[in-house]
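Step one of this worksheet: look at the structure below.
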Amino acid sequence: MKIIQRPPFLGGFCIEKDYFVIIFCLSATRYNYKMRYLIFLIFIVSFFSYYIFQPMSRAEIIFFDVGQGDSFALKTTTGKIIVVDGGPNWDSLNGLGHWLGFGVNHINMIILSHDHEDHLTALPEILERYQVDKLIMPTGLSSQSSVALLKAAENNNVISEQLSTNRCYNLGQDCMLCLFPPDQDFINSKDKNDLSIALHFQCDGLSLVAAGDANKKREESLLRNNFNWQAQILKISHHGSASASSASFIKAVSPYLAFISVGANNSYNHPAKSTLTQLRMFALKIWRSDELGSLIIYANNKKIYLNKGP
Ligand SMILES: [Zn+2]
């Protein structure tokens, strides 16, 4: 699988839109009457062909730049949208609007990894503004914010579930999302980071592992599941804290890219030097949101493209 980092503004959507712009511009130039009529006809046929034979949605992952917190979203080849976490502010709400585009108001699933403010702040508002089918949460919710989230789900008739057993969703067109809540060893943990729902997403050659803010022991417990954790992208747990990113977990995932969602000059000194050293030992490409901002990753013709997000 070839992975390409694209410069900004060269996304496929721009090329498709530019095609129409070029034809429209040509039709408005000083050609004679017949030629202008012909170009206008081509424009009309192209326009309707595009909407009739619209290409399938492509698999995408977007990591929003939310500062010191987590929020990202997944899109499948059949256009299903899954939002994971809502960051420490409303930045993910803005990023989501830009990414989904005008007129898209349907989200298939929202997943809260765990009950901490830096992962859930925008979620109640997303539930208010979008038509959401389902909300998946971990067990052991107790914060005021999680109460607000449950209330927003109830007010908007969203089915909510506190996940207690591993589950895989077939998202169509060979796309699969598997969720892993804490097992018996962690179910009574006082540390909510260890109650994080971990996930493995694979779709059209694109794959991701994310485990919320899980600590090293929880990461290692995930490996006891009879599951192939290999993925191209690993969202680094707990914003690069020294308490996460165990060598055995990174080795099992063996990603190409490590994404660290972290705020600039944060008071926790995330990401830890030891974590960065560890990631470099595995020769991973590192994308830090505090340095590079948001990131869109998509697959096309068995190649993976990285673009700076909105
Ligand atoms: Zn966090």
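Of all the listed residues (Pro255, Pro271), the sole one being more than 30 Å from Ser57 (Cα to Cα) and either within 16 Å of the ligand (Cβ to nearest atom) or in a loop (DSSP other than H, G, I, E, B) (or both) is Pro271. Taking Gln184 as the residue in question, decide whether it is in contact (Cβ under 8 Å) with a residue 60 or more places away in the chain, more than 18 Å from Asp70 (Cα to Cα) and more than 18 Å from the chain's Cα centre (by Cα). No; evaluated as a whole, the condition is false for this residue.
Among the strands (runs of 3 or more DSSP E) lying completely within segment 61-164, list those that include at least 1 residues that are in contact with a strand residue (DSSP E or B) (Cβ under 9 Å, 6 or more places away or on another chain) and within 21 Å of Gly309 (Cα to Cα). Before you say what the answer is, go through the steps one by one.
Working: elements: 72-75, 81-84, 106-111, 131-137, 159-162.
Output list reads 72-75, 81-84, 106-111.
When you scan segment 144-165, do you find a residue that is in contact with an Asp or Glu (Cβ under 6 Å, 6 or more places away or on another chain), surrounded by fewer than 21 Cβ atoms within 10 Å (Cβ to Cβ) and modelled with pLDDT under 95, even just one? Checked against the condition, which is being in contact with an Asp or Glu (Cβ under 6 Å, 6 or more places away or on another chain), surrounded by fewer than 21 Cβ atoms within 10 Å (Cβ to Cβ) and modelled with pLDDT under 95, segment 144-165 yields at least one hit.
The values are calculated or read from the model by the stated rules, or taken from the named source; none is laboratory data. Values in this document were obtained by computation on a predicted structure and should not be read as measured data. So basically every Cβ, Gly included, is an ideal-geometry build from the backbone, and we count neighbours across all protein chains shown.
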